[in-house]
Amino acid sequence: MSPPARRLVREALEALGIRRFLLGVHDAAFPTLPGEDVGRGSPSADGAGELLELASALGFDGLQLGPSGATSAANPSPYDGTLFSRSPLSVALAPLTRPELASLLRAETLAELVAGRPRGERVVYGYAFAASKRALGEVTARFRAQRAAGSGGPVAELAARLESFRAAHAGWLVPDALYEVLERRYGGATWRSWPSGEDRELFAPRPGAEAAAARRREALLARHRAEIEDHSLVQLLAHEQHAAFRAHARSLGLALYADLQVGMSERDVWAAQRLVLDGWRMGAPPSRTDPEGQPWGFAVLDPRGYFEADASGAPADGPAVRFLRARVRKVLGEHDGLRVDHPHGLVAPWVYRADGDDPEAAVRAGARLFCSPDLPELSALAIARADQVNRGVPRHADDRVSSLDEAQVERYATLLDVIMDAVPDPRDVACEILSTQPYPLARVIARHGLGRFRVTQKANLDDPRDVYRGENARPEDWIMVGNHDTPPLWSVAERWVETGASGRHAEHLASRLLAEGEDRTAWARAVAGDPAALAQARFAELFVGPARNVMVYFTDLLGSRAPYNVPGTVSDANWSLRIPHDVRHEHAARVRANRALDLPGALARALRARGPGFAAAHRELLAGLDAAARPMF
């Protein structure tokens, strides 16, 4: 799309009252050039600029990224990644071969790793993990050797930056580095199975063992000084590359939104054991998306650590609040906005016992923390009173708690308030509230003027009040046809046609997209028989309001038929879709073939939906959009 077309898109979005227009993409899916591809994408790769340029040219004003933490060798899910460390897999290797970084990675090594990559269009996680480890091992070894030899220039400058970085981030760098040291020592096992109780509790010693734990930490730091520095160097490179990526995005008019995942990695739990609720795990309750619930196994922050008394006896922030605040400040220092993953986990998490043999049964028998005054094991932590609980509905029902006073709402809001106190503009916080919004969460987000997600492909056309119907949205909501956990719109539209459901969808879309006087019956009949037209119409609906924040996931934009992730499943296919390195030309070709979303056409239809008077007032804009669009509507 040419710059003039981008100007038309931005004018159309402004005319329609759209405040934010974000493209969703996770790190692993970013495009790479053939000469740098070792099996996984990176926002800092040379080829990633193609996606930034496409997003800017199409009129997006930001990218919604996924979680950026380090993942384990066996689990590629970014939602199980670390909270502070950035993923070494997102360190682009090609820049490390260049003189400005002292050629710390040999070009021959990169070429060998690229040549050895298994062929295919998806992420090859195991190979990429091993390739990154080998390449970064060479980088750290060459850095140490060159610094020891007294090399000046780039190596000396990098050494100075490393010293400053380590001093600024020691609070999380040291525990993370020591975890990797101990994980290697114990053959890759997670901390829960380490035979040494002293190492399992290195940062959470039992009463009376504090001095011994301190001595053990000092001994490990001394013995593994080189490994800890290596870890720190990799993190410095990851953070510097992210800063450069952010600057590039900003130069193209793109803000970066982080994904503040609700789960804690095992590494973070190990270092923060004192902060978590012993014996309990967080999961997803039964819902319309998954009636059985999902036993995520995530740790839960212990509410008894939210506050403590200061020296004078007055209430002060406790360790759990300080932990979350440090995390949020770091994330916001590196991004421009936030997607809060599953904010239920901050306000009223669904918890279940961790000591059973059947997690699936345990999660179904779970309850909401703070909402269970009748359960002996949770009553001491309840905020809701017994007279505020509706026992005639299941524990997971949104209206299980039916009323709260303002003081109770403030207590429920403790952790979300930490986030909101840190953000420059509350409108740049997107809360991932889907089909489930329990009453306490509704009260908490209302006090901050936050919206919820409206995923329109899930709309129930038999229920006029359904939360996913676009017409039921509010201006502060975030509307989308799908996200990283849903089937792509294109496959959904094909299924609607195959099952005979397309007629209902086309009629509903006609009521949303066609103004009075237009032939809705004929339009709906034509659209109902064409999956591509149905997909484009569902896309156009995002812009007619009343929601003012629009997200589009890259699979929908590019016309993918394969899902990015299937929730509740473990599969090599999950988290593995990638964007082609020639994505600008590929998207244009797919739009011409009616196999990808056509933004000018969607905006033109949304403008006309406002009625003849509105269309007449924007006659020139519509003419420009029509000229840039593929004929569809």
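The numbers here are math on the coordinates, done by the rules we state, and not lab data. For clarity, every value in this text was computed on a predicted model and none was experimentally measured. Positions of Cβ are backbone-derived with ideal geometry, glycine not excepted, and every protein chain shown enters the neighbour counts.
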Worksheet entry | Phi-based couplings in Hz for the stretch 433-445 (Karplus 6.51, -1.76, 1.60; Gly and Pro marked x) | 9, 9, 6, 10, 9, x, 3, x, 5, 4, 5, 5, 5
Worksheet item: Once you sort the root eigenvalues of the Cα gyration tensor of the chain as a ≥ b ≥ c, which label holds: rounded (a/c under 1.5), prolate (a/b larger than b/c) or oblate (the other case)?
Response: oblate
Worksheet entry | For the stretch 476-633, Kirkwood radius (reciprocal of mean inverse C-alpha pair distance, Å) | 16.4 Å
Worksheet entry | Charge tally in the Cβ shell below 15 Å around residue 573, where Lys, Arg are +1 and Asp, Glu are -1, residue 573 excluded | +1
Discussion item. Under 5 Å between amide hydrogens, which residues at least 5 positions from residue 298 or on another chain qualify, with H placed 1.01 Å from N in the peptide plane?
Written reply: 282
Worksheet item: Ranked highest first by average number of other Cβ atoms within 10 Å, how do 234-244, 512-522 line up?
Response: 234-244, 512-522
Item to complete: Of all alpha-carbon pairs in the stretch 25-129, indicate the percentage at a distance above 20 angstrom.
Response: 42 percent
Practice prompt. Determine ³J(HN,Hα), in whole Hz, for all residues of the stretch 318-330 in sequence, where each value follows from phi through the Karplus function 6.51 cos²θ - 1.76 cosθ + 1.60 and θ = phi - 60°; x replaces Gly and Pro.
Written response: x, x, 5, 5, 5, 4, 5, 4, 4, 5, 5, 5, 5
Worksheet entry | Overall dimensions of the stretch 74-132 as given by Cα atoms, namely Rg and Dmax in Å | 13.2, 35
Item to complete: Sort out for me the Cα centre separation of the stretch 395-438 from the stretch 184-229, rounded to whole Å.
Response: 37 Å
Worksheet item: Under the Kirkwood approximation applied to all pairs of distinct alpha-carbon atoms, what is the hydrodynamic radius of the stretch 564-630 in Å?
Response: 14.6 Å
Worksheet item: With a ≥ b ≥ c the root eigenvalues of the C-alpha gyration tensor of the stretch 222-323, is it rounded (a/c under 1.5), prolate (a/b larger than b/c) or oblate?
Response: oblate
Discussion item. Give the separation of the Cα centroids, the stretch 331-357 to the stretch 83-161, in Å.
Written reply: 32 Å
Discussion item. Check which residues have an amide H placed less than 5 Å from residue 454's amide H, if you skip close sequence neighbours.
Written reply: 478, 479, 480
Item to complete: Can you tell me the order of 448-454, 136-142 when each peptide is scored by its average per-residue count of other Cβ atoms within 10 angstrom, highest first?
Response: 448-454, 136-142
Worksheet item: Amide H of residue 307: which non-local residues (sequence gap of 5 or more, or other chain) have their own amide H closer than 5 Å, using H built in the peptide plane?
Response: 318
Fill in: Label-point separation in nm, residue 289 to residue 474, each point 7 Å along Cα→Cβ
2.0 nm
Worksheet entry | Rg to Rh, two decimals, where the stretch 17-260 supplies the alpha carbon set and Rh follows Kirkwood | 0.99
Fill in: Gyration tensor (Cα) of the stretch 256-393, equivalent ellipsoid semi-axes in angstrom
26, 21, 15
Worksheet, complete the sentence: Under Stokes-Einstein, the stretch 453-544 at 25 °C and 0.890 mPa s, with its Kirkwood radius over C-alpha pairs, diffuses with a coefficient in µm²/s of 185 µm²/s
Worksheet item: From the phi of every residue in the stretch 183-195, what ³J(HN,Hα) in whole Hz does the Karplus formula 6.51 cos²θ - 1.76 cosθ + 1.60 yield, where θ is phi - 60° and glycine or proline is x?
Response: 4, 5, 4, 9, x, x, 6, 6, 4, 5, 10, 5, x
